[in-house]
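No value in this document is a laboratory result; all are computed from the given coordinates. Computed from a prediction, not measured in an experiment: that's the story for all the values here. Positions of Cβ are generated from backbone atoms using ideal geometry, with glycine treated the same way; all protein chains shown enter the neighbour counts.
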Amino acid sequence: MKKLFILVILLLVVTGCNAKYNLTFEDGVFSENIVINEEKTVNSDAMFGIMKLKDNPKLAEIDEYNSYDYEFSSDAKNNILTLNFKYDEVPLDKSLVYQNCFRYKNFIDGSNYYYVKLEGDMSCEYLTNATITFKTDKKVFMENADEKDEQKGIYKWNNFKGGTIYFQVSKDITIKQAEDSMKRKELIPWYVKVILAVVTLGVVFIFFNKIKKEQM
C-alpha cells in the first residue's frame, strides 16, 4: 500500500514516539502539518522507522500528482519527521490522515460551510495517538474540542487515541465578522428590545382579532 502511514510499521513496537497533527483552514484553504518525534534507541539507525521515507518517497504520495513536502531533522533524543501539504487544488478528504487513520469519516462540502467528522480508534501505523489542533480564521459553528480559544480560532484534542472528532466551520464568515455582529446585537438598549417585543405582541394580537371577527 503506497501510503505514508505504513512508513513506521515497527515504530511504536521498538521506540517511543509522539505526534502532533495540525489542520489549518485560513484564507479559504486547508493545510496540514504533521510532526512525528521518534525516540532514538540503540536499535535505531538512519534507515529505521520514520527515516524509511528517505528511501521511498512514494510513501508520501497523496495521489499520482500530489505528495506531502517532508523533511527530517534530529536532536539529542529524537529523529523528527515533518510533513506539510496545502489543499488549494485538492479536496481535504484526500488527506492520508483522513483516509487511513479513522474507521468512520464524514466530510461535507456545503454551500457555505465545511463539516468534518472522524470516529473510531486512530489506526494508522504512524499515528496511534496524537495532539490534534484545528486552527482557523473563520467562524466555527460547532465542535467538540477538549480545549478552545474561539477568539484565536484554535481548537485542540489532547492525546487523542480514539473516539469522535467533529467541527463545522464557515467558508465565508470570519471570526471578526461574527464578533462584530454579536456586538451590534448587544448595542441595542434593553428598553428598545422591550418596546419591539410589545409592538410585536400587539401586531400579533390585532392580527388574530381580525381573523376572529372575519370568522364570526
- Item | Added length on full extension, which subtracts the Cα-Cα distance from 0.36 nm per residue, ASN106 to ASN158 | 16.6 nm
- Query: How far apart, in nm, are the 7 Å Cα→Cβ label points at GLU64 and ASP149?
  - Reply: 4.4 nm
- Message: Suppose R0 equals 45 Å. What FRET efficiency, 1/(1 + (r/R0)^6) with r the Cβ-Cβ distance, do VAL198 and LYS171 give to the nearest 0.05?
- Response: 0.70
- Rg to Rh, two decimals, where segment 4-173 supplies the alpha carbon set and Rh follows Kirkwood: 0.97
- Dipole magnitude of segment 104-175, debye to nearest 20 (Cβ charges: Lys/Arg +1, Asp/Glu -1, about Cα centre): 120 debye
- Non-local amide H neighbours of THR174 (under 5 Å, H modeled in plane, Pro and chain starts lacking H): which ones? LYS139
- Item | Over 29 Å (Cα to Cα) - which of LYS77/LYS152; LYS105/LYS183; LYS77/LYS139; LYS20/LYS117; LYS52/LYS86; LYS156/LYS183 fall in this group | LYS77/LYS152; LYS105/LYS183; LYS77/LYS139
